[in-house]
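The values are calculated or read from the model by the stated rules, or taken from the named source; none is laboratory data. None of these values were measured; they are calculated from a predicted model. As a convention, Cβ positions derive from the backbone with ideal geometry for all residues, glycine included, and neighbour counts pool all protein chains shown.
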Amino acid sequence: MSENQQRVLVTGGAGFLGSHLCDRLIEAGHDVLCVDNFYTGSKANVDGLLAHPRFELMRHDVTFPLYVEVDRIFNLACPASPVHYQHDPVQTTKTSVHGAINMLGLAKRVGARILQASTSEVYGDPEIHPQVEGYWGRVNPIGIRSCYDEGKRCAETLFFDYWRQHNLEVKVMRIFNTYGPRMHPNDGRVVSNFIVQALKGEPITIYGDGTQTRSFCYVDDLIEGMLRLMESPADFTGPVNIGNPGEFTMLELAETVVRLVGGTSTIVYRPLPSDDPKQRQPDISLAKATFDWEPKVGLEDGLKETIAYFRHRLQA
Ligand code: NAD
Ligand code: UDP
Ligand code: UDP
């Protein structure tokens, strides 16, 4: 093993973000252990890595203890789309909370640095805009999104308690809506829904009146931010926002997708799910100042890549 080579554990490594992270870690020369229970991820996402001598795939649920020897842990295991995390909400909370305890216990035993994939959902339906890391959020503790939001908030609490109590090297990353190739076509998230609908010539489903906003980050930018955060100075814990500040209404997104796909899809309106945040935009000054990160890929360029991926996938 060379001096800079690390043994890296990626939980949720067979998912959308995790599989891109595994690609980048292998490219960088590291040894990668990908752990996933395939709840929403799939072997197909890491197909290109399975034969690689420095890559290992393990089927395992992070709510159970895991004994391995590693230098770095990226804790990404958790369903991320509302449709999936609401399917079995108790399991969602268990994954965030028991999963964090197990991975922190592991990090403590082996002295590994550990990064948590947290989320902009910790801000809930925010009263301040754009969201800065110092904002404590407005989250419903008993709603249909709470299993995810409160699970992730509790995971953040655990990270900071292990940091204070056991001096662990922790990094907490608040990820804003991210899209790109390898999103699941039935994932239920807005970008994949709109693209798949446009490609099939089906109506585009807008929930509510479409004036709610989100800020969309392309996956390559997000993974670059994640890698930089992990290697940021040991005393920097975050939490830190990673996302693209470009903010769009769902109506704007629908129009852009239909134009780029070149289809004839019309728009239909569906009820807005409860607790759906009205607006969301990251303030990324902290990431810029601390590890010189900012996104490079604009929405149209990122959508073109994602559309090409889904076109290919739907044909296959
Ligand atoms: P994803 O659903 O594609 O990936 C999650 C992965 O975790 C899947 O492979 C799934 O099988 C695995 N998993 C779920 N429960 C598990 C368990 N108990 N044990 C082991 N593996 C388990 O979602 P994603 O978009 O790649 O999200 C990855 C992480 O980033 C999640 O923690 C998510 O909360 C966070 N995040 C993502 C976004 C986004 O926009 N994509 C935004 C904010 C936060
Ligand atoms: N754990 C694990 N792998 C390890 C060490 C610990 O999965 O290598 C789990 C184990 O289930 C434990 C949890 O992490 O209960 C928390 O560990 P910690 O040492 O913080 O507390 P413990 O419960 O062992 O006192
Ligand atoms: N949304 C929509 N149509 C869809 C899927 C989602 O209008 O087919 C809306 C959803 O109500 C929300 C926004 O798009 O306001 C983003 O939804 P997503 O599930 O992608 O992410 P999140 O709400 O977790 O940010």
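Note on region 84-122: residues that are in a helix (DSSP H, G or I) and over 15 Å from the mean Cα position of the chain (by Cα) total 19.
Of all residues in region 25-83, those satisfying the criterion of being under 16 Å from A117 (Cβ atoms), in contact with a strand residue (DSSP E or B) (Cβ under 6 Å, 6 or more places away or on another chain) and within 10 Å of ligand 1 (Cβ to nearest atom) are C34, V35, V62, F74, N75, L76, A77. The single condition among (1) basic (K, R); (2) touching a helix residue (DSSP H, G or I) at 6+ places or on another chain (Cβ under 8 Å); (3) within 16 Å of ligand 2 (Cβ to nearest atom) that R164 does not meet is (2). Helices (runs of 4 or more DSSP H) fully within region 173-285 that include at least 1 residues being in contact (Cβ under 8 Å) with a residue 12 or more places away in the chain, within 16 Å of ligand 2 (Cβ to nearest atom) and over 18 Å from A308 (Cα atoms): none found.
Scanning region 93-101 turns up at least one residue that is of a type in the set (S, T, Y), under 30 Å from I284 (Cα atoms), within 16 Å of ligand 3 (Cβ to nearest atom) and in contact with a Gly (Cβ under 7 Å, 6 or more places away or on another chain). So, P273, is that one surrounded by 15 or more Cβ atoms within 10 Å (Cβ to Cβ) and farther than 22 Å from R182 by Cβ or not? The answer is no for P273. Candidates in region 102-127 are the residues that are charged (D, E, K, R) and within 16 Å of ligand 3 (Cβ to nearest atom); of these, the one that is modelled with the highest pLDDT is E121. The residues listed here are V32, V90; of these, the one that is away from ligand 2 (no atom under 16 Å from the Cβ), under 20 Å from L222 (Cβ atoms) and β-branched (V, I, T) is V32. For A316, are the conditions met, namely being of a type in the set (A, V, I, L, M) and in contact with a Gly (Cβ under 7 Å, 6 or more places away or on another chain)? Judged against the criteria, A316 is not a match. Pairs meeting the criteria (first residue in region 18-46 and in a helix (DSSP H, G or I), second residue within 16 Å of ligand 2 (Cβ to nearest atom) and modelled with pLDDT under 95, beta carbons under 9 Å, at least 6 apart or on different chains) are lacking. Scanning region 146-168 for residues that are aliphatic (A, V, I, L, M) and over 24 Å from P82 (Cα atoms) returns a single hit, L168. Starting from residues that are within 19 Å of E169 (Cβ to Cβ) and surrounded by fewer than 17 Cβ atoms within 10 Å (Cβ to Cβ), keep the ones in region 62-78 and report whichever is farthest from ligand 3 (Cβ to nearest atom). Filtering region 62-78 for residues that are within 19 Å of E169 (Cβ to Cβ) and surrounded by fewer than 17 Cβ atoms within 10 Å (Cβ to Cβ), the one farthest from ligand 3 (Cβ to nearest atom) comes out as E69.
Screening E252 with (1) crowded, with 16+ Cβ neighbours inside 10 Å; (2) closer than 21 Å to G201 by Cα gives one miss only, at (1). Note on region 161-172: among residues that are more than 15 Å from ligand 1 (Cβ to nearest atom), in contact (Cβ under 8 Å) with a residue 40 or more places away in the chain and outside any helix (DSSP H, G or I), the one that is surrounded by the most Cβ atoms within 10 Å (Cβ to Cβ) is V170.
Please pick out the residue among S81, S120, S96 that is out of contact with any helix residue (DSSP H, G or I) (no Cβ under 7 Å at 6 or more places or on another chain), surrounded by 15 or more Cβ atoms within 10 Å (Cβ to Cβ) and within 26 Å of Y162 (Cα to Cα). Exactly one residue qualifies, and that residue is S120. Please find, among Y135, Y123, the residue that is under 22 Å from F236 (Cα atoms), out of contact with any strand residue (DSSP E or B) (no Cβ under 8 Å at 6 or more places or on another chain) and more than 12 Å from ligand 2 (Cβ to nearest atom). The conditions single out Y135. No other residue among G208, G262, G201 is touching a Gly at 6+ places or on another chain (Cβ under 6 Å), surrounded by fewer than 17 Cβ atoms within 10 Å (Cβ to Cβ) and of a type outside the set (D, E) apart from G201. The lone criterion from (1) over 24 Å from E231 (Cβ atoms); (2) surrounded by fewer than 24 Cβ atoms within 10 Å (Cβ to Cβ); (3) among the small types (G, A, S); (4) in contact (Cβ under 8 Å) with a residue 12 or more places away in the chain left unmet by A112 is number (1).
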